[in-house]
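For reference, the structure is listed below as structure tokens.
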Amino acid sequence: MKNILITGGAGFIGSHVVRLFVNKYPDYRIVNLDKLTYAGNLNNLKDIENKPNYAFVRADVCDYERMGEIMREYRIDGIIHLAAESHVDRSIKDPFTFARTNVMGTLSLLQAAKLYWESLPERYEGKRFYHISTDEVYGALEMTHPEGIEPPFTTTASSGEHHLAYGREFFYETTKYDPHSPYSASKAASDHFVRAFHDTYGMPTIVTNCSNNYGPYQFPEKLIPLFINNIRHGKPLPVYGRGENVRDWLYVVDHARAIDAIFHNGRIADTYNIGGFNEWKNIDLIRVIVRTVDRLLGNPEGESEKLITYVTDRAGHDLRYAIDSSKLKEELGWEPSLQFEEGIEKTVRWYLDNQEWLDNVTSGEYEKYYEKMYAGR
Ligand code: NAD
Ligand code: TYD
């Protein structure tokens, strides 16, 4: 497999996947296809942009004709599809954009790949369509223990390992879809289309569902970078509801490593859940962030706790997400490489050391820059 199309490669997770593939596979040509929406930023890829095995194409995945041209021009063998609208709060305000990009965009890419691959003598031989999805399609989990034990408590994964959790139930690859937000509904619909292209046309597809990612280059509308940036500027930290919701956090580089392993060795037509067995109640996570930022800035301990502000809850706010990623561990030997404390420390340091990147994306400067650079194209 030689020519790999990565969509959404200028975004948060996509940029880590592009970096990993460009550096690790000098024999592959990596084509990064991105529309450069507010969330796409080529500054995320400065360190690899001049590598000979890397190319960038600005395009909209919804542009079906253009997807066909790109498939043919670059003779694409494999696709890792990350391009999407990704923020739940935006989806509540503007669901149409999510249906357009996440559902119609995925369908347009699937159909373009189908027509191109079916035109080749080898057809689907050696080809892959790998779709990146989210655990949010599974809905929300309860926070209960049958004996009334207060969470978090120790529980057992299907692989037999013990870890801390806020409930007895997990998302498995077999869990029924039950999306609640326009974002997760649009991702669920796109997952169904991908599977339908395997079942109907025999396209070699793979779908993975991952938990919440954190790390460098995440757009500061998501919890962790937003709060680091707000603490830095002494601005309020808006905690939705009572901060009781639970998320399972994974360092983004570990997600990219999982994508690499699954792209190369995952079973066709299969699904893998990716998660960190690392559940945090929002308010506890926020306190860790506050302590870490204060310590690294040399502020008195607990100084920024006063910025914590409870605000109206997100509509339809899912209570708990928790992934069981035992299958991925057992079949492909993947495990998270970082302990959470180490990952958070690295992440906070990165945002504090890269204030210019943060200022750029929060001021919208880079968007204006790209609009000018690509004007008329
Ligand atoms: P992001 O918002 O940071 O990046 C999305 C990228 O897609 C941006 O570069 C944007 O310019 C591009 N894009 C958006 N619309 C496009 C279009 N119509 N055509 C071409 N490019 C377009 O998102 P992310 O957090 O990096 O998420 C990437 C993928 O991973 C998404 O599919 C998301 O659903 C999934 N995912 C994210 C998380 C998470 O915690 N962030 C967890 C699990 C799964
Ligand atoms: P987010 O980073 O938006 O990811 P997702 O909604 O996809 O899980 O939010 C993570 C959690 O933090 C979620 O429970 C919502 C909560 N949250 C806040 O309490 N305040 C905020 O300002 C944001 C952005 C999120």
### Query
Is it the case that some residue within the stretch 183-197 is modelled with pLDDT under 95 and open to solvent by less than 60 Å² (accessible area, probe 1.4 Å)?
no
### Task
Residues being in contact with a helix residue (DSSP H, G or I) (Cβ under 8 Å, 6 or more places away or on another chain) and assigned to a strand (DSSP E or B): count how many of those fall in the stretch 312-332.
1
### Message
Every residue in the stretch 202-228 that is farther than 15 Å from L285 by Cα and within 13 Å of ligand 2 (Cβ to nearest atom), please.
### Response
N209, C210, S211, Q218, F219, P220, E221
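Against the definition (within 16 Å of ligand 1 (Cβ to nearest atom) and surrounded by fewer than 21 Cβ atoms within 10 Å (Cβ to Cβ)), how does Y138 come out, yes or no?
Working: within 16 Å of ligand 1 (Cβ to nearest atom): yes; surrounded by fewer than 21 Cβ atoms within 10 Å (Cβ to Cβ): no.
Considered against the rule, which asks whether it is within 16 Å of ligand 1 (Cβ to nearest atom) and surrounded by fewer than 21 Cβ atoms within 10 Å (Cβ to Cβ), Y138 comes out as no.
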### Message
I'd like to verify a number: residues in the stretch 44-95 that are open to solvent by 20 Å² or more (accessible area, probe 1.4 Å) and more than 22 Å from the chain's Cα centre (by Cα), how many?
### Response
13
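Scanning the stretch 291-306 for residues that are open to solvent by less than 60 Å² (accessible area, probe 1.4 Å) and part of a helix (DSSP H, G or I), which turns out farthest from E345 (Cα to Cα)? Give the derivation first.
Restricting attention to the stretch 291-306, the residues satisfying the condition of being open to solvent by less than 60 Å² (accessible area, probe 1.4 Å) are 292-294, 296, 299, 302, 304.
Right, trim to part of a helix (DSSP H, G or I) and you get 292-294, 296, 304.
Values: T292: 7, V293: 9, D294: 12, L296: 9, S304: 17 Å.
Only one residue fits best here, namely S304.
Okay, residues lined up against (1) buried (at least 18 other Cβ atoms within 10 Å of the Cβ); (2) away from ligand 2 (no atom under 16 Å from the Cβ):
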residue	(1), (2)
H264	no, yes
I268	no, yes
N273	yes, no
I289	yes, no
I308	no, no
T312	no, no
### Task
Just give me the residues in the stretch 177-215 being in contact (Cβ under 8 Å) with a residue 60 or more places away in the chain, away from ligand 1 (no atom under 12 Å from the Cβ) and assigned to a loop (DSSP other than H, G, I, E, B), in sequence order.
H180, G202, M203, P204
### Query
Of all residues in the stretch 1-26, which are in a loop (DSSP other than H, G, I, E, B), at pLDDT 95 or above and over 16 Å from the mean Cα position of the chain (by Cα)?
Y25, P26
### Query
Within the set of pairs 6+ apart or on separate chains, which have a first residue in the stretch 345-372 that is at pLDDT below 90 and in a helix (DSSP H, G or I), a second that is of a type in the set (S, T, N, Q) and surrounded by 15 or more Cβ atoms within 10 Å (Cβ to Cβ), and C-beta atoms under 9 Å apart?
T362/N229; Y366/N41; Y366/N43; Y366/N360; E367/T37; E367/N41; Y369/N360; Y370/N41
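Only one of T154, T174 is in contact with a His (Cβ under 9 Å, 6 or more places away or on another chain) and surrounded by fewer than 15 Cβ atoms within 10 Å (Cβ to Cβ). Can you tell me which? Spell out the reasoning first.
On the way: T174 fails: in contact with a His (Cβ under 9 Å, 6 or more places away or on another chain).
Only one candidate qualifies: T154.
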### Query
If we scan the stretch 27-49, do we find a residue that is within 15 Å of A112 (Cβ to Cβ), of a type in the set (G, A, S), modelled with pLDDT of 95 or more and part of a loop (DSSP other than H, G, I, E, B)?
no
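The values are calculated or read from the model by the stated rules, or taken from the named source; none is laboratory data. Because the structure is a prediction, the values reported are computed rather than measured. So basically every Cβ, Gly included, is an ideal-geometry build from the backbone, and we count neighbours across all protein chains shown. Side chains included, ligands, DNA and RNA excluded: accessible areas come from the protein's heavy atoms. Shrake-Rupley method; radii C 1.70, N 1.55, O 1.52, S 1.80 Å.
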